[in-house]
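Handing you a structure now.
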Amino acid sequence: MKTRIALFASGNGSNVQRIAEYFDKHPSIEVAAVYCNKPDAYVLERAKNLHLHSRVFDREEFRSGDVLGMLVADHIDWIILAGFLWLVPENLVEAFPGRIINIHPALLPKYGGKGMYGHHVHEAVVANKEKESGITIHLVDEAYDHGVHLYQAHIALDPNETAESLAQKIHHLEYLHYPEIIETTILES
């Protein structure tokens with residue numbers, strides 16, 4: 001039996017695509033579904049093109065336990081957040097203890113918390129004239145960007161760095177490291 005993962009996303013889905021391609025034909029891990037909280041998000045088109053089962057849900061379904069029921073019905077073992085912007089409710093954290101992974105586009109604990117995602121993070125890093133940034137891959141608990149760190153990758157900022165150029169560097173780190181850290185974490189659990 002393969003370990004079944006669900007990818008949660010809210011937007012474009014480039015990390016979802018990278019992860020799905022990485023685990024295509026993997027001997028022991030499979031992407032079983034894409035879960036999305038926005039019915040018009042491009043990630044759903046990516047899921048269709050990748051022939052992945054997808055589910056769309058609203059905030060009430062997320063909080064009430066309906067999404068947990070979907071995960072059980074889909075026989076999901078791990079939840080992977082890939083550009084998913086909502087705080088994971090306690091019922092999911094309890095049902096998947098130590099089995100929810102997130103990636104954040106900064107070196108936590110800096111630039112984490114509610115509202116700190118995507119371009120907001122990169123703009124803050126550049127505005128504060130930071131010398132470095134990076135990614136943090138971590139387990140999810142009941143607080144935004146708080147769980148145990150699994151991995152961090154660092155990059156230096158250029159003196160003329162912009163939020164856009166930093167975003168490109170961060171995406172490169174995400175694509176390079178996130179699938180491997182997911183794999184290692186699952187296989188070592």
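Read-outs: derived from the displayed coordinates by stated rules, not from any lab. Only a predicted model underlies this, so the values are computations on that prediction, with no experimental measurement involved.
Got the relative contact order for the stretch 3-188 handy, in percent, Cα pairs under 8 Å and 6 or more residues apart?
Contact order relative to length: 19 percent.
Report the gain in length on full extension from Ala167 to His119: 0.36 nm times residue separation, minus Cα-Cα distance, nm rounded to one decimal.
Working it through step by step, the gained length comes to 16.6 nm.
Hey, what do the phi angles of the stretch 31-41 turn into as Karplus ³J(HN,Hα) couplings, whole Hz, using 6.51/-1.76/1.60 and θ = phi - 60°, x for Gly and Pro?
The phi angles translate into 7, 8, 6, 10, 10, 9, 9, 10, x, 9, 6 Hz.
So, one more: Could you work out [θ]222 nm for the chain from helices alone, using -39500 (n - 2.57) per DSSP H run of at least four and dividing by all its residues? Round to the nearest 500 deg cm²/dmol. Write down the numbers at each step before the final one.
On the way: 7 runs with 73 residues, N = 189.
Taken over the chain, the calculation gives -11500 deg cm²/dmol.
Same structure, new question: Got a sec to turn the phi values of the stretch 142-155 into Karplus ³J(HN,Hα) couplings, 6.51 cos²θ - 1.76 cosθ + 1.60 with θ = phi - 60°, whole Hz, x for Gly and Pro?
6, 10, 4, 6, 10, x, 4, 6, 9, 6, 10, 10, 10, 9
Let me ask something else. So what is log10(I(q)/I(0)) for the chain at q = 0.11 1/Å, when the Debye sum runs over its Cα atoms only?
Ignoring solvent entirely, the Cα scatterers give -0.46.
Let me ask another. Within straight cross-link reach of Lys110, meaning Cα distance under 23 Å, which lysines are found once same-chain residues fewer than 8 apart are removed?
Partners within reach: Lys129, Lys131, Lys169.
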